[in-house]
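The values are calculated or read from the model by the stated rules, or taken from the named source; none is laboratory data. These numbers come from a predicted model, not from an experiment. Heads up, the Cβs are rebuilt from the backbone with ideal geometry, glycines too, and the neighbour counts pull from every protein chain shown.
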Amino acid sequence: PVGLSTRQPVFLVGMMGAGKTTIGRALARTMNRDFLDLDHEIVGRCGVSIPVIFDIEGEEGFRNREKMVLEEVAQIDGIVLATGGGAVLREENRALLRRQGIVIYLKASVDELYRRVAKDRNRPLLATPDPKARIAELLAQRETLYESVADITIETGSGSISSVVKSIHNLL
Ligand code: S3P
């Protein structure tokens, strides 16, 4: 076990479709903690959807907002937070996650990730003719970042939600 203290936040990182929101919500319930989703917090503060933020401000604008909201919510005691897939891209964000809490990387294969996001229109980075190739490319760019920030890495491929939650809970 990594020795999680009661007030320390748990952060879930990983690609789009890795299950951060689903697993995070279930983990929070198991641990009797509050759950927050970073994308949801960003949208709540902006009043427009993520695709609209990307349309108007570009990825850079979105990343600036993501960083600001992360800095704010990472201070909340005892939460489980699902971050967005690209939250680890900025060095300041990685440092913040490592400093403030326990970081869990939810790892999944390109096929699995693609299967889970195939019908989703809410992810502007995947609005390309070949989303699967895009996922492979993003994963290749980010894998070492996820690994470098993680205290715990969990494969989400074959297990049920409850078995993944159980393994995380046992390791905390
Ligand atoms: C992104 C992932 C999304 C969202 C935005 C960018 C990324 O979050 O923050 O579309 O760069 O991987 P999810 O991982 O929750 O889908």
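Among the hydrophobic types (A, V, I, L, M, F, W, C) and in a helix (DSSP H, G or I): does that describe Ala87?
Values: among the hydrophobic types (A, V, I, L, M, F, W, C): yes; in a helix (DSSP H, G or I): no.
Considered against the rule, which asks whether it is among the hydrophobic types (A, V, I, L, M, F, W, C) and in a helix (DSSP H, G or I), Ala87 comes out as no.
Given the conditions (1) within 11 Å of the ligand (Cβ to nearest atom); (2) more than 14 Å from the chain's Cα centre (by Cα); (3) under 19 Å from Arg25 (Cβ atoms), which single one is not true for Ala87?
For Ala87, the exception is condition (2).
Examine segment 116-133 for a residue that is modelled with pLDDT of 95 or more, of a type in the set (A, V, I, L, M) and buried (at least 16 other Cβ atoms within 10 Å of the Cβ), and state whether such a residue exists.
No, because not a single residue in segment 116-133 is modelled with pLDDT of 95 or more, of a type in the set (A, V, I, L, M) and buried (at least 16 other Cβ atoms within 10 Å of the Cβ).
Only residues in segment 49-69 that are within 21 Å of Leu81 (Cα to Cα) count as the first member; pair them with residues that are of a type in the set (A, V, I, L, M) and away from the ligand (no atom under 12 Å from the Cβ), Cβ under 9 angstrom, at least 6 apart or cross-chain, and list the lot.
Lys67/Leu96
Take the residues in segment 4-24 that are away from the ligand (no atom under 13 Å from the Cβ), touching a residue at least 60 places away in the same chain (Cβ under 8 Å) and part of a loop (DSSP other than H, G, I, E, B), then tell me which one is surrounded by the fewest Cβ atoms within 10 Å (Cβ to Cβ). Working first, answer last.
Of the residues in segment 4-24, the ones away from the ligand (no atom under 13 Å from the Cβ) are 4-10.
Pick out the ones that are also touching a residue at least 60 places away in the same chain (Cβ under 8 Å) and you get 4, 6-10.
Right, trim to part of a loop (DSSP other than H, G, I, E, B) and you get 4, 6-9.
Values: Leu4: 17, Thr6: 8, Arg7: 10, Gln8: 16, Pro9: 22.
Among residues in segment 4-24 that are away from the ligand (no atom under 13 Å from the Cβ), touching a residue at least 60 places away in the same chain (Cβ under 8 Å) and part of a loop (DSSP other than H, G, I, E, B), the one surrounded by the fewest Cβ atoms within 10 Å (Cβ to Cβ) is Thr6.
Taking Ile135 as the residue in question, decide whether it is in contact with a Gly (Cβ under 9 Å, 6 or more places away or on another chain) and more than 30 Å from Pro1 (Cβ to Cβ).
Numbers: in contact with a Gly (Cβ under 9 Å, 6 or more places away or on another chain): yes; more than 30 Å from Pro1 (Cβ to Cβ): yes.
Yes, satisfied.
Being within 12 Å of the ligand (Cβ to nearest atom), buried (at least 19 other Cβ atoms within 10 Å of the Cβ) and either more than 16 Å from the chain's Cα centre (by Cα) or at pLDDT below 95 (or both): is that true of Ile42 here? Explain how you work it out, then say what you get.
Values: within 12 Å of the ligand (Cβ to nearest atom): yes; buried (at least 19 other Cβ atoms within 10 Å of the Cβ): yes; either more than 16 Å from the chain's Cα centre (by Cα) or at pLDDT below 95 (or both): no.
No, not satisfied.
Name the residue, out of Ile76, Ile104, that is within 15 Å of the ligand (Cβ to nearest atom) and either assigned to a helix (DSSP H, G or I) or not polar (S, T, N, Q) (or both).
Details: Ile76 fails: within 15 Å of the ligand (Cβ to nearest atom).
Only one candidate qualifies: Ile104.
Could you check segment 122-146 and list, in sequence order, the residues that are in contact (Cβ under 8 Å) with a residue 12 or more places away in the chain, under 21 Å from Ser49 (Cβ atoms) and more than 11 Å from the ligand (Cβ to nearest atom)?
Pro131
Which one of the conditions (1) closer than 20 Å to Val43 by Cα; (2) in contact with a Gly (Cβ under 8 Å, 6 or more places away or on another chain); (3) part of a helix (DSSP H, G or I) does Asn93 fail to meet, given that it meets all the rest?
Going through (1) closer than 20 Å to Val43 by Cα; (2) in contact with a Gly (Cβ under 8 Å, 6 or more places away or on another chain); (3) part of a helix (DSSP H, G or I) one by one, Asn93 breaks only (2).
Restricting attention to segment 147-172, report how many residues are part of a strand (DSSP E or B) and either of a type outside the set (A, V, I, L, M, F, W, C) or without any contact (Cβ under 8 Å) to a residue 12 or more places away in the chain (or both).
Residues that pass the stated criteria total 2.
Does Asp34 qualify as being more than 10 Å from the ligand (Cβ to nearest atom), surrounded by fewer than 17 Cβ atoms within 10 Å (Cβ to Cβ) and under 17 Å from the mean Cα position of the chain (by Cα)? Break it down into steps so the answer makes sense when it comes.
Numbers: more than 10 Å from the ligand (Cβ to nearest atom): yes; surrounded by fewer than 17 Cβ atoms within 10 Å (Cβ to Cβ): yes; under 17 Å from the mean Cα position of the chain (by Cα): yes.
Here the answer is yes, as Asp34 does meet what is asked.
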